[in-house]
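Engineer: Pasting a structure below so you can have a look.
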Amino acid sequence: MFPFVIPWDDARQNAVNVAALNPAPIDASRRVSVRGSHFFDATGRRVRFLGTNFTFSADFPNKPHAAKVAARMHKYGFNIVRLHHMDMQKAPNGIFDPKYPDMRHLDADQLDRLDYLLYQFRKHGIYVDLNLHVSRAFGAADGFTETDKLPELGKVTAYFEPRMIELQREYARDLLTHYNPYSRTRWADDPTVAVIELNNEDTLVGAAWSDTLRGLPEPYHAELANQWNRWLRTRY
C-alpha cells in the first residue's frame, strides 16, 4: 500500500487533463440556448453539461480558492456548477446581510465573492445554474405571522402568498440586475449564467396529497382557498 493523494488545487497539464472538451473563456459566442431537446451555443455547437452543486459557504469562496477551484474543475471536464442553497442563511454561509433582521438585504462581501467566483468560472469555461428560491424561510422580520407553523424552508406558501411572491421577485431583481465588476456585466446579461431555477423541490400538488394544505395556519389557508375558488369560478 502507498499514499494516493489527489490535490484539491491541481490544474496541471497532464494525461488526465480534459479541459479541451469545454471552450474557454465563455463569451457571447458561447451563450446557451435551447433547440428542440438539446442545448446549443451561438456557434451552433451542441453543449452537454457535466456539473455539480456548490452549497452554502462553498458558493462564496475567497478569491485565491475561487481561481484554483475553477481551474481544477476545468481540468476534469466540469462545465456547469449549480449555485445551491445561497438563500437559506445569512453570511458567512448564505447571501443575506447579518446586520439586518430580515432576509432581504444582500451582503456586499458575499456578493463580491460570488462575483469573483462567476468571473473565474467564465474564464475557465464553466457555466452556472443559478437557483433562486431553494430554502429561504420568511419570518416575522419580513412581515409574516405564524411562520413557525408553516412548511420548512419556505416551501408551499411561496407559490401563492402574494407578499412572498413579491419578495422572491425582489430577490431575483437584486441578484440578476447586480453588476459584476470582474466580468463587467450584469448577472442577467452574463452568458456564463446558462440556467435559472425559479423554485427548488416544491409543489402544491405534492402538498395536496398529504394534510399540508389543510394544516396551513391562517391567514395562509384562507388565502389559498380564496385563490382556488376564484380559479374554479373562472374556469367552470
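Engineer: Let me check the size of segment 35-77 from its C-alpha atoms; what are the radius of gyration and Dmax in Å?
Structural biologist: 14.1, 40
Engineer: For segment 32-126, what is the relative contact order in percent, using Cα pairs closer than 8 Å and at least 6 residues apart in sequence?
Structural biologist: 28
Engineer: Rank-order 77-84, 216-223 by packing density, defined as the average count of other C-beta atoms within 10 Å over each peptide's residues, highest first. Walk me through the numbers before you get to the answer.
Structural biologist: On the way: 77-84: 22.0, 216-223: 15.4.
So the order, starting with the most tightly packed, is 77-84, 216-223.
Engineer: Ranked highest first by average number of other Cβ atoms within 10 Å, how do 2-12, 34-44, 185-195 line up? Could the numbers behind the result be given before it?
Structural biologist: Numbers: 2-12: 9.1, 34-44: 11.0, 185-195: 19.2.
Averaged packing, sorted descending, gives the order 185-195, 34-44, 2-12.
Engineer: Expressed as a whole number of Å, what is the distance separating the alpha-carbon centroids of segment 143-201 and segment 54-106?
Structural biologist: A separation of 15 Å, based on Cα centres.
Engineer: Trypsin sites (Lys or Arg not before Pro), restricted to segment 203-236: which are DSSP loop and have at most 14 other Cβ atoms within 10 Å?
Structural biologist: Here the sparse-neighbourhood loop sites are 214.
Engineer: May I have the pair-distance distribution P(r) for segment 1-128, computed from all Cα-Cα distances with 5 Å bins from 0 and rounded to whole percent?
Structural biologist: Whole-percent P(r) values from 0 Å outward: 2, 11, 17, 19, 16, 14, 11, 7, 3, 1, 0.
Engineer: If DNA, RNA and ligands are ignored and the probe is 1.4 Å, what is the ranking of 155, 149, 63 by accessible area, most exposed first?
Structural biologist: 149, 63, 155
Engineer: Still on this structure: Explain nothing, just the number: dipole magnitude of the chain about its Cα centre with +1 on each Lys and Arg Cβ and -1 on each Asp and Glu Cβ, in debye rounded to the nearest 20. Intermediate results must be reported in sequence, preceding the final value.
Structural biologist: Numbers: 30 positive and 29 negative charges, 226 e Å.
Result for the chain is approximately 1080 debye, rounded to the nearest 20.
Engineer: Restrict the search to segment 93-202; then list the GluC sites (Glu not before Pro) that DSSP places in a loop and that have at most 11 other Cβ atoms within 10 Å of their Cβ.
Structural biologist: Filter output for segment 93-202: 201.
Engineer: What FRET efficiency comes out for the pair residue 49/residue 166, r = Cβ-Cβ distance, R0 = 30 Å, nearest 0.05?
Structural biologist: Step by step, r from the Cβ atoms, then E = 0.40.
Engineer: Same structure, new question: Quick one: which residues, 5 or more positions from residue 131 or on another chain, have an amide H under 5 Å from its amide H? H modelled 1.01 Å from N in the peptide plane, none for Pro or chain starts.
Structural biologist: Placed amide hydrogens put 83, 197 under 5 Å from residue 131.
Engineer: Here's another thing I want to ask about it. Angle, helix 220-235 long axis vs. longest principal axis of the chain, Cα atoms, 0 to 90°, nearest 10?
Structural biologist: 90
Engineer: How many nm is it between the label spots at residue 209 and residue 105, if each spot is 7 Å from the Cα in line with the beta carbon?
Structural biologist: 4.2
Engineer: Then there's this: About its Cα centre, what dipole magnitude does segment 56-166 give when the only charges are +1 on Lys and Arg Cβ and -1 on Asp and Glu Cβ, stated in debye to the nearest 20?
Structural biologist: 720
Engineer: Once you charge only the Cβ atoms, +1 for Lys and Arg and -1 for Asp and Glu, what is the size of the charge dipole of segment 1-79 about its Cα centre, to the nearest 20 debye?
Structural biologist: With only Lys, Arg, Asp and Glu charged at Cβ, the dipole is about 260 debye.
Engineer: Still on this structure: [x] 18.1, 55; [y] 16.4, 47; [z] 20.7, 73: which one is Rg and Dmax of the Cα atoms in Å as calculated from this entry?
Structural biologist: Here the calculated entry is [z].
Engineer: Take the cross-link list 123/155; 99/123; 90/149; 68/155; 63/155 and give me the ones stretching past 31 Å between alpha-carbons.
Structural biologist: As for pairs spanning more than 31 Å Cα to Cα, those are 123/155; 99/123; 68/155; 63/155.
Engineer: Also, I was wondering about something else. Restricting to DSSP H runs of at least four residues, report the calculated mean residue ellipticity at 222 nm for the chain, -39500 (n - 2.57) per run over all residues, nearest 500 deg cm²/dmol.
Structural biologist: Calculated from helices alone, the mean residue ellipticity at 222 nm is -8500 deg cm²/dmol.
Engineer: Here is a follow-up. Kindly work out what percent of the DSSP beta bridges joining two residues of segment 1-146 are antiparallel, to the nearest 5.
Structural biologist: 40
Engineer: Here is a follow-up. Grab the Cα-Cα distance for residue 227 and residue 28, subtract it from 0.36 nm times how many residues apart they are, and report the gain in nm with one decimal.
Structural biologist: Gain on stretching residue 227 to residue 28: 67.4 nm.
The values are calculated or read from the model by the stated rules, or taken from the named source; none is laboratory data. Because the structure is predicted, anything quoted here is derived from the model rather than measured. Glycine also receives a Cβ, built like all others from the backbone with ideal geometry; neighbour counts cover every protein chain displayed. Keep in mind that these areas ignore ligands, DNA and RNA; they rest on the heavy atoms of the full protein, side chains included. Shrake-Rupley method; radii C 1.70, N 1.55, O 1.52, S 1.80 Å.
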